[in-house]
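Colleague: This is the structure I want to talk about, given as C-alpha cells.
The values are calculated or read from the model by the stated rules, or taken from the named source; none is laboratory data. The structure presented is a predicted model; accordingly, all values stated were derived computationally and were not measured. Methodologically, a virtual Cβ is constructed for each residue, glycine included, from the backbone with ideal geometry; neighbour enumeration extends over all protein chains shown.
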Amino acid sequence: MRRQASSLDLVTVRHPIPGRYSKYIKTISKIVRVNLVTGSIVRTPQLGNDFRTVMAFLNLLAKSLFIRGPILLDVVAAVSVYYKEQKDIIIDFRTPYPVELMALGHERLAILAKRIENKIRNTQMAFAANDRMAKYCTEIGVENVVVIPNYPWRNFLPTVEGSKWKILNTLPMEEKIVLFTGSVRLREIYGLDLLLAAWKYVEEASGSTLIILGNVPIRYISMKMDSFGIKKIRLPGRVPTNDVANWINASNVCVAPRTPGFPKSFYDDKDSTKISEYAALRKPIVAAGYAPSRQYHLVDQDPQDLAEGILHAIEGKTRLPQPHYWEENEPKIWGALIEYLKQTNIME
C-alpha cells in the first residue's frame, strides 16, 4: 500500500529565499502542501565566508534530522541530505557551484562543493535551470533531469508608462536609457568592471545614461567614474520587483555582462533571471560571457566589443527577444513531480 504524500519539504540555506524558490512554492502548492525549511537564523541577503553563513549551514544540518521528505533541495543545501535516503530527494540545480568557486579562486570551497555534489550523484531526479546544467547533472549521475528555466511570472509587468517613469525619475525624455539590473557580487560575477570600461565609449558616442539597479558598490563606482571621466550613470539602488519592470520598460537597451574567467557554456537566457526579465518586456539585450542564444546580441568580454554592441542596440539594429514565462514551467513541474512520487512509492 503506497502512502499518500501530503507535503513536500523545500530546503534552501538562505532566507530571504531566492525568487526561484518562491515560484516553486506557489507552483507546487497547487498539487501538494509545501513546507519551507531554511538555515538562516537571521536574514542573509547572500552567502559568504562569514559567521552567519556557517551558522546557517549548521542550523540546516540540525533541522535535517527532522525532515521526513520527500524534499526539493537547493544543491548548495545538500548538507541536509546526509541522513536521507536519496530516493526521497529532488535536486534543484541552478548554479554549477564547484565550477564557479574554482573560477573565483576558492579552490578549497570548490573541492567541498564537489564532495557535496558527489553525495547526491545517484539522486533519481533533478530540476536544472538550463540544458547545459541538465547535462552536467546527468554527467554526475542523476537519472532523470527536467529543465526548469528562470522565467518571470506572466504578471511581471510595469505599473507606470515609460515616459511617466522617466519624468518621475527626472530623466530627459529624449535621452536613451541603458539598463543593467544587478543584485550582489557585481564585480566578482556580473561584469561590473567590464561594463564601466565599456560605458566610457558608449557615453562619448551616444550621450546615453546608464542605470544600474541593485546593491552596488557606490564608492567603487564613483572612483571608476572619476577615473574614466564618466558622467551619466544613475544608481537607484535595490528596488521592488514592480519597479524593476518599470525600469526595464522605460529603457531602450538592457545589458547582461559577466566577469571574464567563468565557463560561458553554463550560462544563457534560461538560467539568467535578468535576461528573462528583459525578454519578458521585449527589450533589446546585449550580453557578454554567455553561451550563444537568439534571445540576445552576444559580444566578446572586451570593453570595446561590449560598447559597440550597446551602440548597435541603441541604433535599433538588434533582434528583439521572445518572451517566456514561469507558467510554461508549471505543467512540466507537476507532471515530473507526480510521476516521480508515484515511482518512488510515495504517492498513489
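Colleague: Of the conditions (1) under 22 Å from the mean Cα position of the chain (by Cα); (2) hydroxyl-bearing (S, T, Y); (3) part of a helix (DSSP H, G or I), T259 satisfies every one except a single condition; which number is it?
Modeller: For T259, the exception is condition (3).
Colleague: So if I check each of V286, V299, V253, V239, which one is of a type in the set (A, V, I, L, M) and farther than 26 Å from W165 by Cα?
Modeller: Sole residue among the options that is of a type in the set (A, V, I, L, M) and farther than 26 Å from W165 by Cα: V299.
Colleague: Next up: Quick one: is R294 touching a Pro at 6+ places or on another chain (Cβ under 9 Å), part of a loop (DSSP other than H, G, I, E, B) and at positive phi?
Modeller: no
Colleague: Residues being closer than 17 Å to K264 by Cβ and either polar (S, T, N, Q) or not assigned by TED's automatic domain parsing to the domain that holds Y190 (or both): count how many of those fall in segment 278-326. It would help to see each step written out before you state the result.
Modeller: The first filter runs over segment 278-326 and keeps only residues closer than 17 Å to K264 by Cβ, leaving 285-302, 305-306, 309.
Restricting the remaining residues to those that are either polar (S, T, N, Q) or not assigned by TED's automatic domain parsing to the domain that holds Y190 (or both) gives 293, 295, 301.
Residues meeting the conditions: 3.
Colleague: Regarding I31, is this residue within 22 Å of the chain's Cα centre (by Cα), part of a loop (DSSP other than H, G, I, E, B), at pLDDT 75 or above and not assigned by TED's automatic domain parsing to the domain that holds K274? Even if it seems obvious, please write down each step before you answer.
Modeller: Values: within 22 Å of the chain's Cα centre (by Cα): no; part of a loop (DSSP other than H, G, I, E, B): yes; at pLDDT 75 or above: yes; not assigned by TED's automatic domain parsing to the domain that holds K274: yes.
No: the conditions fail for I31.
Colleague: Same structure again: Between a residue in segment 111-122 that is within 15 Å of T138 (Cβ to Cβ) and in the same structural domain as V99 (by TED's automatic domain parsing) and any residue that is crowded, with 16+ Cβ neighbours inside 10 Å and at pLDDT 75 or above, which pairs come within a Cβ distance under 7 Å, given they are 6 or more apart or on different chains?
Modeller: Filtered contacts from segment 111-122: E117/P98; E117/I140; I120/I89; I120/I91; R121/I140.
Colleague: Looking at segment 166-181, is at least one residue buried (at least 17 other Cβ atoms within 10 Å of the Cβ), part of a helix (DSSP H, G or I) and out of contact with any Leu (no Cβ under 8 Å at 6 or more places or on another chain)?
Modeller: Yes.
Colleague: Could you figure out which of (1) at pLDDT below 85; (2) on the phi > 0 side of the Ramachandran plot isn't true of T170?
Modeller: Status for T170: all satisfied but (1).
Colleague: Of all residues in segment 188-214 being part of a helix (DSSP H, G or I) and charged (D, E, K, R), which is surrounded by the most Cβ atoms within 10 Å (Cβ to Cβ)?
Modeller: E203
Colleague: If you don't mind, another one. Taking segment 321-338 as the region of interest, how many residues are closer than 14 Å to Y24 by Cβ and either among the aromatic types (F, W, Y) or not in a loop (DSSP other than H, G, I, E, B) (or both)?
Modeller: Total meeting the criteria: 8.
Colleague: Just the residues that are crowded, with 19+ Cβ neighbours inside 10 Å and in a helix (DSSP H, G or I), please, taken from segment 102-131.
Modeller: Within segment 102-131, the subset crowded, with 19+ Cβ neighbours inside 10 Å is 102, 113, 117, 120, 123, 125-130.
Hits for segment 102-131 are M102, A113, E117.
Colleague: Do we have any residue at all in segment 184-198 that's over 30 Å from W334 (Cβ atoms), of a type in the set (S, T, Y) and assigned by TED's automatic domain parsing to the domain that holds Y290?
Modeller: yes
Colleague: While we're on this one: Residue under question is A134, and the condition is that it be surrounded by fewer than 21 Cβ atoms within 10 Å (Cβ to Cβ), part of a helix (DSSP H, G or I) and modelled with pLDDT of 85 or more; does it hold?
Modeller: Yes.
Colleague: So which of A313, A288 is in contact with a His (Cβ under 8 Å, 6 or more places away or on another chain), modelled with pLDDT of 95 or more and farther than 16 Å from P152 by Cβ?
Modeller: A313
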